1. Could you list, in sequence order, all residues of region 184-215 that are touching a residue at least 40 places away in the same chain (Cβ under 8 Å) and either surrounded by fewer than 16 Cβ atoms within 10 Å (Cβ to Cβ) or part of a loop (DSSP other than H, G, I, E, B) (or both)?
2. What is the one condition in (1) at pLDDT below 95; (2) over 27 Å from residue 164 (Cβ atoms); (3) not β-branched (Val, Ile, Thr) that residue 69 does not satisfy?
3. Which of the residues that make up region 112-142 are in a helix (DSSP H, G or I), buried (at least 21 other Cβ atoms within 10 Å of the Cβ) and more than 28 Å from the chain's Cα centre (by Cα)?
4. Please work out which residue is nearest to residue 328 (Cα to Cα), limiting yourself to region 256-267 and to residues that are surrounded by fewer than 23 Cβ atoms within 10 Å (Cβ to Cβ) and of a type in the set (Ser, Thr, Tyr).
5. Name the residue that is most open to solvent (accessible area, probe 1.4 Å), counting only residues in region 312-340 that are in contact with a strand residue (DSSP E or B) (Cβ under 7 Å, 6 or more places away or on another chain) and either part of a loop (DSSP other than H, G, I, E, B) or over 17 Å from residue 61 (Cβ atoms) (or both).
6. Out of (1) in a helix (DSSP H, G or I); (2) of a type in the set (Phe, Trp, Tyr); (3) more than 19 Å from the chain's Cα centre (by Cα), the odd one out for residue 160 is which?
7. Any residue at all in region 268-286 that's farther than 20 Å from residue 182 by Cα, part of a loop (DSSP other than H, G, I, E, B) and free of Cβ contacts under 8 Å to residues at least 24 places away in the same chain?
8. Here's a check for you: in region 348-359, which residue that is open to solvent by 20 Å² or more (accessible area, probe 1.4 Å) and closer than 30 Å to residue 162 by Cβ is farthest from the chain's Cα centre (by Cα)?
Amino acid sequence: MGCSVVRDLVLALGLLGAIGSARADDLSYFEQQLKPFDHKPEFVAPGPAFNAKQCMKDKSIFSIPVSSANPFTANIEKAMAGSAAEVGFKFTIWENQGQSSQWVQGMNAAINQKASLIDLLAGTDPRVLVPQVLAARAQHIPVVASHYNGLQQTPIVTKYADADVPIDYFKAGALLLDWAVVQTNGHLNALTLISTGPLSTDSMMDGITAEMKHCADCRHKVINVPVVDWPTRITPDVQSSLLADPAVNYIIVIYDSMSQFVVPAVTITNSENRVKIDAFNGTPFVLGLVQQGKVQMDIGENLDWIGRAIVDDEMRMLCGMPMVNPRIPFYIFTAENAKDAGTPPGLSRGYGDAYIDGYAKLWQLK
């Protein structure tokens, strides 16, 4: 049988992509998923405008972050406090080191201070605060879990809290997989680093798993490392995995602060040429790694925007309006645009500032 006949047979069977790189129509699906996030996000009003200053007069929000030691949550709190100052209402932050006993103390303090609303930020888990949530309800104080869970997980959270301000963690996970598939031409053999416990991890893994079904020649090994063990376990675990499987060609990092421990493992094993890294969060020091070429891509979330979005939704609740999808956007940072975040990268930089004027108008401050 001649070569041309063999080729025609292969084409007829649709197997050419399986022999070489992934077919163009295979990759086009993943490329289309990424496209909406490759330009600076536009502000889309999450709901109708309202007179925030008037309706928040004499009201207050008491916020309990998952941990004050976490720069991610600390900076969201800073943004929330700034929004509260703009509108003109009392905003209290309960400083803590991430211990559930400290969350309990914060709940009790909020109830004693007769806060109008209690915010549980970015991982403060209402599932371990059931007696305190019930006590708050008895005093007609709503408890809201914010930036903690995916959109599809609202029923889980509102079983324990009165409401939530979710984020599309499912989409974030899906985008990480989409990017890695495109970068490996549809032949992905990845390590996926996660930390179980937070609902956000479950949501992101659901997104990764859903996208994996679209790629026949893709696989990944999951490495689960608790947050407290990141400094001691991530580097050796990734190092041993890279040495054990020389075919690994990508590392997916669901929380980008893990990257500081992943990069050394890639360097130690001389894997820089064959193994690239993508991540989620847009933490400034990781955007620095993107600028240096040590992390290929980071899906950023603007922490200042997040703070305003949370305050917006919680004010709506206090003002007797329906809560809304906060529409917190993602933005893909690569070496090409990471410079927009500054040198060194700064907090909430590189996203544009359309949201600042957008929220001011939304709250009728101008």
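The values are calculated or read from the model by the stated rules, or taken from the named source; none is laboratory data. Treat the numbers as computed from the prediction; the structure is a model and nothing was measured. Don't worry about glycine lacking a Cβ; one is built from the backbone with ideal geometry, like all the others, and counts go over all protein chains shown. For accessibility, only protein heavy atoms count, side chains too; no ligands or nucleic acids. Shrake-Rupley method; radii C 1.70, N 1.55, O 1.52, S 1.80 Å.
1. 184, 185, 186, 187, 188, 195, 198, 210, 214, 215
2. (2)
3. 136
4. 257
5. Applying the first criterion (in contact with a strand residue (DSSP E or B) (Cβ under 7 Å, 6 or more places away or on another chain)) to region 312-340 yields 313-314, 317-318, 323, 326, 328, 330-334.
From the residues that got through so far, the ones that are either part of a loop (DSSP other than H, G, I, E, B) or over 17 Å from residue 61 (Cβ atoms) (or both) too are 323, 326, 328, 330-334.
Numbers: 323: 59, 326: 5, 328: 23, 330: 12, 331: 9, 332: 10, 333: 0, 334: 27 Å².
The qualifying residue most open to solvent (accessible area, probe 1.4 Å) is 323.
6. (1)
7. yes
8. From region 348-359, those open to solvent by 20 Å² or more (accessible area, probe 1.4 Å) are 348-349, 352-354, 356-357; that's our starting set.
Among the residues that remain, those that are also closer than 30 Å to residue 162 by Cβ are: 348, 356.
On the way: 348: 14, 356: 21 Å.
In this case the residue turns out to be 356.
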